[in-house]
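A.B. asks: Structure below; questions to follow.
Every number here is computed from the coordinates shown, using simple stated rules; none is lab data. In this text, all values refer to a predicted model and were calculated from it rather than measured experimentally. A quick note on method: Cβ atoms are made from the backbone with ideal geometry, for glycine too, and the neighbour counts reach across all protein chains shown.
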Amino acid sequence: MGNSTKFIFVTGGVLSSLGKGLASAVIGSLLEARGLTVAIQKLDPYINVDPGTMNPFQHGEVFVTDDGAETDLDLGHYERFTNASLGKDNNFTTGRIYNSVITKERRGEYLGGTVQVIPHITDEIKRCIMLMSGRSDIAIIEIGGTIGDIESLPFLEAIRQLRADLGKENVLYIHLTLLPYIATAGELKTKPTQHSVKELRSIGIQPDILLCRTDREIPADMKAKIALFCNVDKDAVIMAKDVECIYELPLIYHEDGLDEKIVKSLHIWTRAPRLGNWQDFVDRFKRPQFTVTIGIVGKYVDLTESYKSLNEALYHGGIPNDARVKLQFIDSEKIDEANCRETLGHLSGILVPGGFGPRGVEGKILAARYARENNVPYFGICLGMQIAVIEFARHIAGLAHANSTEFDRKTKYPVIYLMKEWLNERTGEMERRDVDSDKGGTLRLGAYPCRLNKDTFAFEAYGAEDISERHRHRYEFNNEYMEVLKEKGLVISGTSPSGGLVEIVEIKDHPWYLGCQFHPEFKSKPMKPHPLFVDFIRASLKNTRNG
Ligand code: GLN
């Protein structure tokens, strides 16, 4: 369809956390199921230039794309639900928008004119949105925040203007709202929705479709009332009922006519959607034969949003194994030698996820040791791999107090450290890190190639020699210790193609013990579960049955 990309803008009302990101992803999946191609972008109203530096406690996971952009976790939903390829152009924040306007102003590009929110900021927002034009049949643009916030106003003004710029038939506004159930009245209430739409209309946007979050069926007369009060078509009030499994959403939105209404409103003729694969996934998800309990030993245990992709990847890994994966978050600061068995003994498998900083590291090392000594499947991701190396160095290779220089700058055995020079095999260039300058802080971000060695857990899982996975870390395996660790039985099962960077380690004579320097969870999809997660769950399931 080339240049005639049509745009769907998704806004949210009433309150946050209604699942606007998921809704946008689901809209994408439904349109793909009809044979259309989609692009998805998220516009975030906060001032941080990107979420890279934001505290996971506040913001949840940072999702990393192939091109190394650190993005909002909603992009993870987009990738899991659609085939859209995502990168740095798919997430803009207010901070990034202002940053580029101010840079232009400093360069004199505004020729001395007064630089203002309208038109300069709004024009820059429109320019970013239009990056999605021509890439696909449909571009879905999600506006972060809630209608009524001061912060999102420039974004709303920009999308309001775009309807006139692009033509009515090419633009659709979908508003996600809430119908709360009030127990004392015994009914769902429409007033917050009415107010939210009123607010939206007061800034010039008339929504075309309302997606109404609710915990129960919306009666037909209530739908009619919402349509009347909010000035939308009767068939444009779509029920978005709570679900047990997020992968049911394409099915239930479709059932209430969402995709039909979208294509009709945008004047697109498509085939009926093919949703068999979603139905199949949901059936398998809901009725598994087995159950495994995986312990996630980490830091952000109270806010599981910080491990969004990880949780999903574990659920995906359960499907081919016919298993329900139960997750148990364990605070590594609470693990000590005395309570190790009590805390970890009942788990089918142990996973140490990515993380930064020294807090709780010793507890994670204890968990890795427990898994190694008790034949419990262990999956170490990024920091979790580094932990496995430290544990092995200390307790098998006799390198007492071995550590990462991230946690102990002066350790005698820096088995994990900041590499001063390394070959970037994505660009073919040498990268340098000056440990004492800003550059020392540079993360290795995005997709890097990795070559696997045969006869390893990794090779068996992937069934391929060359793979590519996404990274987000500073520290690396220290090759000076490669020989002694290998001699004692550490298996280096994956490295960068030229061999300079260790990417995966394993131990032999164990049911399944693997640590990878990258984040495989970012690439797992419901229809394409990640091989390492599938095999980790398989081994954990076997452990349960043997136990
Ligand atoms: N803190 C470690 C590093 O920077 C691991 C990072 C991570 O787990 N994402 O190398």
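A.B. asks: If you average the alpha carbon positions of region 374-424 and of region 198-233, how far apart do those two centres end up, in angstrom?
C.D. replies: Cα centroid of region 374-424 versus Cα centroid of region 198-233: 55 Å apart.
A.B. asks: Can you put Trp269, Trp512 in order, fewest other beta carbons within 10 Å first?
C.D. replies: Trp269, Trp512
A.B. asks: Using modelled amide H (1.01 Å from N, peptide plane; none on Pro or chain starts), what sits under 5 Å from the amide H of Glu187, excluding residues fewer than 5 places away?
C.D. replies: Excluding prolines and chain starts, which carry no amide H, the hits are Ile182.
A.B. asks: Right, another one. Contour minus end-to-end for Glu480 and Met130, with contour as 0.36 nm per residue of separation and end-to-end as the Cα-Cα distance?
C.D. replies: 121.1 nm
A.B. asks: If you don't mind, there's one more thing I want to ask. About the Cα centre of region 210-327, how large is the charge dipole given +1 on each Lys and Arg Cβ and -1 on each Asp and Glu Cβ? Please answer in debye to the nearest 20.
C.D. replies: Here region 210-327 has a charge dipole of around 120 debye.
A.B. asks: At 7 Å along the Cα-to-beta-carbon direction for both Ser17 and Gln279, put a label point, then send me their distance in nm to one decimal.
C.D. replies: Label at Ser17, label at Gln279, 3.4 nm between them.
A.B. asks: May I pose another question? Give the separation of the Cα centroids, region 481-547 to region 244-305, in Å.
C.D. replies: 29
A.B. asks: Follow-up question, since we're still on this one. Out of Tyr475, Val491, Thr456, whose Cα points farthest toward the positive end of the dipole of region 360-495 (charges: +1 Lys, Arg; -1 Asp, Glu; placed on Cβ)?
C.D. replies: Highest projection toward the positive end goes to Tyr475.
A.B. asks: I would also like to ask the following. Among Val64, Val115, rank each residue by its count of other Cβ atoms within 10 Å, from fewest to most, as a rough exposure measure. Don't skip to the end; give the middle numbers.
C.D. replies: Working: Val64 24, Val115 14.
If I rank by nearby Cβ atoms, fewest first, I get Val115, Val64.
A.B. asks: For the residue pair Thr427 and His401, what label-to-label distance in nm results when each label sits 7 Å from Cα along the Cα-to-beta-carbon direction?
C.D. replies: Result for the modelled spin labels: 3.8 nm.
A.B. asks: Which distance in Å, rounded to a whole number, links the C-alpha centroids of region 118-169 and region 317-366?
C.D. replies: 43
A.B. asks: Take peptides 445-454, 279-288 and line them up by average Cβ neighbours within 10 Å, highest first, as a rough protection proxy.
C.D. replies: Ranked by mean Cβ neighbours within 10 Å, highest first: 445-454, 279-288.
A.B. asks: Now a separate question. With label points built 7 Å along Cα→Cβ from the Cα atoms of Arg216 and Leu111, find their separation and express it in nm.
C.D. replies: Simple spin-label model gives 6.3 nm for this pair.
A.B. asks: Now a separate question. Rounded to the nearest 20 Debye, what is the dipole magnitude of the chain about its Cα centre when Lys and Arg each give +1 and Asp and Glu each give -1 at the C-beta?
C.D. replies: Here the size comes out at about 500 debye.
A.B. asks: Calculated from DSSP H runs of 4 or more alone, at -39500 (n - 2.57) each and per residue, what is the 222 nm mean residue ellipticity of the chain, nearest 500?
C.D. replies: -9500 deg cm²/dmol
A.B. asks: At 0.36 nm per residue, minus the direct Cα-Cα distance, what do Glu305 and Asn55 gain on full extension? Give it in nm, one decimal, please.
C.D. replies: Working: separation 250, 0.36 × 250 = 90.00 nm, distance 1.17 nm.
Here the segment from Glu305 to Asn55 would lengthen by 88.8 nm.
A.B. asks: Going highest first, how would you order 34-47, 408-421 by mean Cβ packing within 10 Å?
C.D. replies: Highest mean packing first, the order is 34-47, 408-421.
A.B. asks: Oh, and also: Putting +1 on Lys and Arg Cβ atoms and -1 on Asp and Glu Cβ atoms, find which of Ala39, Met54, Leu75 reaches farthest to the positive end of the dipole of region 1-79.
C.D. replies: Selected residue: Ala39.
A.B. asks: Along the positive direction of the dipole of the chain (beta-carbon charges: Lys, Arg +1; Asp, Glu -1; about the Cα centre), which of Gly12, Ala388, Leu258 reaches farthest?
C.D. replies: Leu258
A.B. asks: Give the order of Thr11, Thr177, Thr544, Thr442 when sorted by the count of other beta carbons within 10 angstrom, beginning with the fewest.
C.D. replies: Least crowded to most crowded, the residues run Thr442, Thr544, Thr11, Thr177.
A.B. asks: Let me ask something additional. Which GluC sites (Glu not before Pro) in region 235-297 sit in a loop by DSSP (not H, G, I, E or B) and have at most 11 other Cβ atoms within 10 Å of their own Cβ?
C.D. replies: Values: sites: Glu244, Glu248, Glu255, Glu260; in loops: Glu244.
Qualifying residues, ordered by number: Glu244.
A.B. asks: What is the dipole size for region 321-361, taken about its Cα centre, with +1 at each Lys and Arg Cβ and -1 at each Asp and Glu Cβ, in debye to the nearest 20?
C.D. replies: Rounded to the nearest 20 debye, it is 140 debye.
A.B. asks: If the reach is capped at under 22 angstrom between alpha carbons, list the lysines near Lys189, excluding any in the same chain fewer than eight residues apart.
C.D. replies: Lys20, Lys198, Lys223, Lys225, Lys234, Lys241
A.B. asks: Expected output is a single nm value to one decimal: the length gained when fully extending between Tyr46 and Lys286, i.e. 0.36 nm times separation in residues minus the C-alpha distance. What is it?
C.D. replies: 82.7 nm
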